[in-house]
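The values are calculated or read from the model by the stated rules, or taken from the named source; none is laboratory data. Since we're looking at a predicted model, the values are computed, not measured. Only protein heavy atoms, including side chains, enter the accessible area calculation; ligands, DNA and RNA are left aside. Shrake-Rupley method; radii C 1.70, N 1.55, O 1.52, S 1.80 Å.
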Amino acid sequence: MIFDVLTLFPAMFSGPMTESILKRAQQAGLMTLRLHNIRDWATDRHRTADDAPYGGGAGMVMKAVPTAAAIRAVLALEPEAPPAPVILLSPDGTPFTQALAHELALQPRLILLCGHYEGLDERVRETLVTQEMSIGDYVLTGGELAAMVLIDAVARLRPGVIDAESISEESHSDGLLEYPHYTRPALWEDHPVPPVLLSGHHGAVARWRRKERLRRTLARRPDLLPRAYATGQLSRDDLNFLAELGWVP
Ligand code: 4FV
């Protein structure tokens, strides 16, 4: 999978994209990260990529000319392939979720556009951006961190990047939060590991973990339960256990 990133600050990506799982995924050829500096498509000798907003007001706006030229150049890198989605990271975008991460992980290539300053000239959004995504209802100094969040969440879902089993039961994988994890020592500062996890009874462990997922979701994110119910993620046993905890659909 190819991630083509358009940014004014490519150096921001070294570190998060060059360590641990994502580093190994790139070394294994499971993902390719290509950084493109929008300023390289600026046409004036000062290589200007932003300008003052028409209508006045604070801050600067990313210029349409270099940004559009950069998008078109990156689109043209894979002339044989169907045009890749051009995703602008912005607080006005569709909330990014695990479900969207799974959808995007099916794509052979994504083009990620990182806004900066006050944002992007609207005419580029209207003509060349195919999707807008937000990682949360807060404002960042730039879209770069949001792009890294999206790349991390999507790349780890690609086959071979991390083992499938750890994806199947994690938070938001089926609309529920995940169960708590424990490892050695069995007793830490008078805090024991739940005995069922030391029992070796896989069925009992699985049932305990399922109940913990339901209990934690009800306690921390009760807003997730109606969707889990509506999408058929909750079994009869799940509903009986949730009813014991006081939750009914
Ligand atoms: C953002 C978000 C975000 C807004 C102005 C970049 C900044 C600046 N991107 N999810 N929240 N972007 O705050 O994706 O251009």
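At the residue level, Asp137 shows approximately 150 square angstrom of accessible surface with a 1.4 angstrom probe and all protein chains present. Surface composition of the stretch 96-243: carbon plus sulfur atoms contribute 53% of the solvent-accessible area (1.4 Å probe, protein chains only, all chains present).
Would you calculate a helix-derived [θ] at 222 nm for the chain, using -39,500 (n - 2.57) for each DSSP H run of n ≥ 4 and dividing by the full residue count, to the nearest 500? Mean residue ellipticity at 222 nm (helix-derived): -9500 deg cm²/dmol.
Computed on the stretch 130-249, with alpha-carbon pairs under 8 angstrom and 6+ residues apart, the relative contact order is 21 percent.
Ranking Asp237, Asp44, Asp223 by solvent-accessible area of protein heavy atoms (1.4 Å probe, all protein chains present), from largest to smallest, gives Asp237, Asp223, Asp44.
Counting only protein chain heavy atoms and rolling a 1.4 Å probe, the accessible areas of Ile2, Ile151, Ile21 rank, largest first, as Ile21, Ile2, Ile151. The mean sequence distance of close C-alpha pairs (under 8 Å, at least 6 residues apart), as a share of the length of the chain, puts its relative contact order at 18 percent. Computed over protein heavy atoms with a 1.4 angstrom probe, the accessible surface ordering of His191, His116, His202, His172, largest first, is His202, His191, His172, His116.
For the stretch 124-249, the solvent-accessible area works out to 62 Å² per residue, with a probe of 1.4 Å and every protein chain left in place. Residues considered: Ala58, Ala68, Ala147. Largest GNM mean-square fluctuation over the chain, using C-alpha springs under 10 Å, is found at Ala58. When the Gaussian network model of the chain links Cα atoms closer than 10 Å, the mean-square fluctuations of Leu187, Leu234, Leu224 top out at Leu187.
Derived from the Cα gyration tensor, the three semi-axes of the equivalent ellipsoid of the chain are 43, 21, 17 Å, largest first. Residues whose amide H lies under 5 Å from that of Lys63, counting only those 5 or more places away or on a different chain, are Asp50, Asp51; hydrogens are built 1.01 Å from N in the peptide plane. Centroid-to-centroid, using Cα positions, the stretch 96-160 and the stretch 1-78 are 12 Å apart. Ser235 contributes an accessible area of around 50 Å² to the protein surface, as traced by a 1.4 Å probe with all chains present. Rolling a 1.4 Å probe across all protein chains gives Phe13 an accessible area of roughly 0 Å². Accessible surface calculations at 1.4 Å, restricted to protein heavy atoms, place the stretch 16-111 at 56 Å² per residue.
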